[in-house]
């Protein structure tokens, strides 16, 4: 049986899911807006300072890796365990970052043992 995605290191994930560059796709902005609403509902607006679409998919006409990067800034008093639970129940994989521990956290969506099925990366 293969290793759970949530237990893989970044290096293992990079090997399983290589970065492929592609031309800009206008749907990326729409995908970000839809995902932003999911995140706001999961985390709670009262816990959010700011949400931003950043990285190569946020820049029109730029060749990009087709992963929508979202930066989420949260309030200091946010219940981290509840946040992780809510994000994972909304389809995100929590990726602990031992070299950059909380308050920095990383969540991924769309990564499956069968390959990519829509990709989102959330950094906090």
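Values in this text are rule-based calculations from the coordinates and carry no lab data. Bear in mind that the values here come from a model prediction, so they are computed numbers and not experimental data. A quick note on method: Cβ atoms are made from the backbone with ideal geometry, for glycine too, and the neighbour counts reach across all protein chains shown.
Kirkwood hydrodynamic radius of the chain from all distinct Cα pairs, in Å? Could the numbers behind the result be given before it?
On the way: mean 1/r = 0.0661 Å⁻¹.
Every distinct Cα pair counted, the radius reaches 15.1 Å.
Annotation for residue 45 and residue 4: the two label points, set 7 Å from Cα along the Cα-Cβ direction, are 3.4 nm apart. Note on the chain: antiparallel DSSP beta bridges, both residues inside, total approximately 80 percent of the bridges counted.
How high is the relative contact order of the chain, in percent, with contacts defined as C-alpha pairs under 8 Å that are six or more residues apart? It would help to have the intermediate numbers written out before the result.
Numbers: 179 pairs, mean separation 31.0, N = 124.
About 25 percent, as a whole number.
A crude spin-label estimate for the pair residue 82 and residue 112, with each label 7 Å from Cα along the Cβ direction, gives 3.2 nm.
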